[in-house]
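Below: one structure, written as structure tokens.
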Amino acid sequence: MLPEFAVTDPFSSTYREGRSRFCAAAHAAGGTIESFVMPDRAGPVGEELAIDAVRFGAADAQRLLLTSCGLHGLEAAGGSAAMVNWLMQGGASRLPDGVAVVLVHPLNPFGWAYASRGNEDGIDLNRNALDWSAPIPTNLAYETLHPIVIANEPDTAGLAAFSGAFAALARQHGMEWALGAVASGQYAFPDGLSFGGAEQAWSTQVAKEIAEKHKPNRGRTLILDWHTGIGPWAEPFFILDAARDSADHRLVSSWWPDRSIHCDDVVEGASIAYRGVLADRLRREIEEHEGGKALSLTVEWGTYDIDRMVEALLMDNWLRHRAGGAPERQDWIREQLIERFIPSDPRWRDAVIEGSEAIFEDAILAVSSWH
């Protein structure tokens, strides 16, 4: 049984609150929720963990906005607030003819419930959407970094040592190499950063099922995935899965002419060859099997500078794999981790609410006019 919440504030501090607010707002908007319950797992107070999906718009709509949050667990609060606010503001009642919107909330319920970016198996789900029948990619750069990861704790001295080692590697090999080591995905060290797993995860399979069920037949699909942690403070940062000189990039740039549409140059202009990105996999499967057209767009909400965000990855990894000492210390580190991805500053939260509402409306208008 879900706890009852009056939906007045879109932001939630826990998965349990977030699910309740989302479901209440979706029901109030007239939606029918389909819940994919995680098998053999429960939240911190025994609550059910599930991915909830709700569709608004005609069943035969040929234009679809498929939007999701929480792929990286604790980041969900930002995208969840965006979805809840859109529902609260009556967005579902203002859809143009021929347009449908599917909200997926959240893709990683375990991660949000336990304040981690990883899933129930410690996997970075945005590195898990590989073709698992093909050879698994290697990340030789991360092999150099892994001993540094496991040697340091997320206290003042440990974070300084880790940041210093990361900076030294960046000076030696370049920022592109260093960020690729940290963030592009690796499949050899289950206790390491950006571990993509050894097989398809439950959340990945559910996301593919939802996309398969709702995709239009030879229509147009915009996949919009909400994240936090990249970009300037309280600003939306757009990342498109397309080459900078492509027609797709020109199209999306025309939808948001006042925004820079980034490709893989997401941090300090460095290009990162990401592996196993979920939205990219969904886009390709939609296009391959239906003959329609799909684009995948990530919208990040900027929080803190690159050094603090790299430190946050170490915090998350330590809490998951090496946490020890007093519970109070673990709680303090977890609070710092959450703050770096979901700042408590009301100005940041107001910016997310106001900005995401505009992005929702722009995305729906773009999909409706996409030919």
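The values are calculated or read from the model by the stated rules, or taken from the named source; none is laboratory data. Everything numeric in this text was worked out from a predicted model, so none of it was measured. Neighbour counts run over all protein chains shown; Cβ positions are idealised from the backbone, glycine included.
What the table below lists for this structure:
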item: Options Val37, Val45: the member that is surrounded by fewer than 24 Cβ atoms within 10 Å (Cβ to Cβ), farther than 26 Å from Glu335 by Cα, touching a residue at least 12 places away in the same chain (Cβ under 8 Å) and of a type in the set (A, V, I, L, M); result: Val37
item: Residues satisfying the stated conditions in region 223-268, i.e. among the small types (Gly, Ala, Ser), closer than 30 Å to Arg347 by Cα and either surrounded by 14 or more Cβ atoms within 10 Å (Cβ to Cβ) or touching a Phe, Trp or Tyr at 6+ places or on another chain (Cβ under 6 Å) (or both); result: Gly229, Gly231, Ala234, Ser253
item: Extreme residue, nearest to Leu64 (Cα to Cα), among residues of region 343-371 that are outside any helix (DSSP H, G or I) and of a type in the set (Ser, Thr, Tyr); result: Ser369
item: Hits in region 272-298 (condition: within 19 Å of the chain's Cα centre (by Cα) and at pLDDT below 85); result: Ile272, Ala273
item: Region 78-117: number of residues that are in a loop (DSSP other than H, G, I, E, B) and either surrounded by fewer than 24 Cβ atoms within 10 Å (Cβ to Cβ) or of a type in the set (D, E, K, R) (or both); result: 10
item: Residue in region 328-342 that is in contact with a helix residue (DSSP H, G or I) (Cβ under 8 Å, 6 or more places away or on another chain), farther than 30 Å from Asp191 by Cα, in a helix (DSSP H, G or I) and in contact (Cβ under 8 Å) with a residue 24 or more places away in the chain present; result: no
item: Single condition Phe238 does not satisfy, out of (1) outside any loop (DSSP other than H, G, I, E, B); (2) over 20 Å from Glu361 (Cα atoms); result: (2)
item: Top-ranked residue in region 168-177 [being of a type in the set (Gly, Ala, Ser) and free of Cβ contacts under 8 Å to residues at least 60 places away in the same chain; ranked as surrounded by the most Cβ atoms within 10 Å (Cβ to Cβ)]; result: Ala170
item: Residue within region 270-285 that is in contact (Cβ under 8 Å) with a residue 60 or more places away in the chain and farther than 30 Å from Lys215 by Cβ present; result: yes
item: Single condition Met309 does not satisfy, out of (1) under 21 Å from the mean Cα position of the chain (by Cα); (2) loosely packed, with under 15 Cβ neighbours inside 10 Å; result: (2)
item: Members of region 71-115 that are touching a residue at least 60 places away in the same chain (Cβ under 8 Å), at positive phi and not hydrophobic (A, V, I, L, M, F, W, C); result: Gly90, Gly98
item: Residues located in region 118-153, provided they are buried (at least 23 other Cβ atoms within 10 Å of the Cβ) and in a loop (DSSP other than H, G, I, E, B); result: Gly118, Asn119, Ile123, Asp124, Asn128, Ala129, Asn139
item: Selection count, region 312-327, where residues are surrounded by fewer than 20 Cβ atoms within 10 Å (Cβ to Cβ), in a helix (DSSP H, G or I) and either charged (D, E, K, R) or in contact with a strand residue (DSSP E or B) (Cβ under 6 Å, 6 or more places away or on another chain) (or both); result: 1
item: Hey, Val7 at pLDDT below 95 and hydrophobic (A, V, I, L, M, F, W, C) or not; result: yes
item: Residue within region 155-171 that is of a type outside the set (S, T, N, Q), farther than 30 Å from Ile353 by Cα and touching a strand residue (DSSP E or B) at 6+ places or on another chain (Cβ under 8 Å) present; result: no
item: Flag if Glu212 is in a loop (DSSP other than H, G, I, E, B) and of a type in the set (D, E, K, R); result: no
item: Met38 being touching a Leu at 6+ places or on another chain (Cβ under 6 Å), of a type in the set (A, V, I, L, M) and more than 23 Å from Glu361 (Cβ to Cβ); result: yes
item: Leading residue by the ranking (surrounded by the fewest Cβ atoms within 10 Å (Cβ to Cβ)) among those in region 204-222 that are within 13 Å of Arg55 (Cβ to Cβ) and among the aliphatic types (A, V, I, L, M); result: Ile210
item: Glu287 vs. criteria surrounded by 15 or more Cβ atoms within 10 Å (Cβ to Cβ) and of a type in the set (Asp, Glu); result: yes
item: Residues being aromatic (Phe, Trp, Tyr) and either modelled with pLDDT under 95 or within 19 Å of Ala77 (Cβ to Cβ) (or both) - total across region 220-265; result: 3
